[in-house]
Amino acid sequence: MLDEARLRREVGESSLGARLVCLPTTGSTQDEARRLARSGAPHGTVVVAGEQTAGRGRLGRRWISPAGAGLWFTVILQKGPESSFLPLLSGVAVAEALREVPGASVHVKWPNDVLLDGRKVAGILIEADSTTALLGIGVNVNLDQNSALEPWRDPVASLHEVSGAPLPLEPILARILHSLDEWLRLAREEGPAPIIMRWRELASTLGRRARIVLPRAVLEGVAEGIDETGALLLRMDGGEQRRIAAGDVIEAPRG
Ligand code: BTN
């Protein structure tokens, strides 16, 4: 369970998390955050839950969020010009924060998954309306390897594998909020360029053959790059380049 006093201490002066709402259990922090945003909760409010009983992933999937096994939280953000590249920015910010765990080999995977040793350790769900973005982040910290995100999906990773012992949640959440704060500031000052550059350095997807699963089609080609909105540029086997705004990348075997 999260120690709220410790969390507040660790978050310190960060502008994200200045207002923290800690819930022992909730359906989804996204829904809780939406309700708070509608009743006037300010930019930077963070809703964090010990467990979620109806955690949501991208593309309508469930997100398993057992008590004490990870960080399940949503940051309320007022939209600005930087919101168009929030998917890339948030992936970079989370990956950078998790890289501070000694020995963790962390990468990003399009669109905004974070991988530990090639397996998914964190996922990001952004739900936005015209004024507000709800940035939902789930990080497996002390997750039992037997509880998968979805039974048919690839095995997931958990940060405690690296340390070999359970890790305290509060410092990791504070590090992610500080990292997000820093990358958002950079984005406002310098635009998307530094984020795109860092995303490319951290990426495990680019330059490789990829299979993209879309709701009604599967595309195959080489993942050549990303544009500043975070869309993937896929060179199809026929030579045509496609710009893909949303989907799931599955690496395809070579040949
Ligand atoms: C994904 O990779 O599919 C995105 C997963 C996002 C999970 C987080 S946990 C906190 C927030 N509340 C939710 O219901 N989902 C996000």
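Where a number appears in this text, it was derived from the coordinates with a stated rule and is not lab data. Computed from a predicted structure; not experimentally measured. Because the Cβ atoms are built from the backbone with ideal geometry, glycine has one as well, and the counts that use them run over all protein chains shown.
For the stretch 52-119, the alpha carbon convex hull comes to 121 Å³ per residue, rounded to a whole number. Here the peptides 172-185, 22-35 are ranked by packing, the mean other Cβ count within 10 Å, and the order with the highest first is 172-185, 22-35. Shape annotation for the stretch 199-240: C-alpha extents along the principal axes are 28, 20, 16 Å, from largest to smallest. Computing Rg and the Kirkwood Rh from the Cα coordinates of the chain gives a ratio, Rg/Rh, of 0.95.
In terms of the Cα gyration tensor, with a ≥ b ≥ c the square roots of its eigenvalues, is the stretch 1-146 rounded because a/c is under 1.5, prolate because a/b exceeds b/c, or oblate? Rounded. Under 17 Å from a label point 7 Å along Cα→Cβ of residue 119: give me every residue in the stretch 131-146 with its amide N that close. Of the residues in the stretch 131-146, 139-146 have backbone N under 17 Å from the label point off residue 119. Remark: 73, 85 ranked as 85, 73, counting other beta-carbon atoms within 10 Å and listing the fewest first. The fraction of Cα-Cα pairs per 5 angstrom bin, counted from 0 for the stretch 72-204, comes to 2, 11, 21, 24, 20, 12, 7, 3, 0 percent, rounded to whole percents. In a fully extended conformation the segment linking residue 144 and residue 129 would gain 1.9 nm over its present Cα-Cα distance, using 0.36 nm per residue. Tell me whether the stretch 160-255 comes out rounded, prolate or oblate; compute the Cα gyration tensor, take square roots of the eigenvalues as a ≥ b ≥ c, and use a/c under 1.5 as the rounded threshold. It is oblate, given that a/c is not under 1.5 and a/b is not larger than b/c.
DSSP assigns beta bridges within the chain; of those with both partners inside it, close to 85 percent run antiparallel. Distance between the C-alpha centres of the stretch 62-132 and the stretch 1-19: 18 Å, rounded to the whole angstrom.
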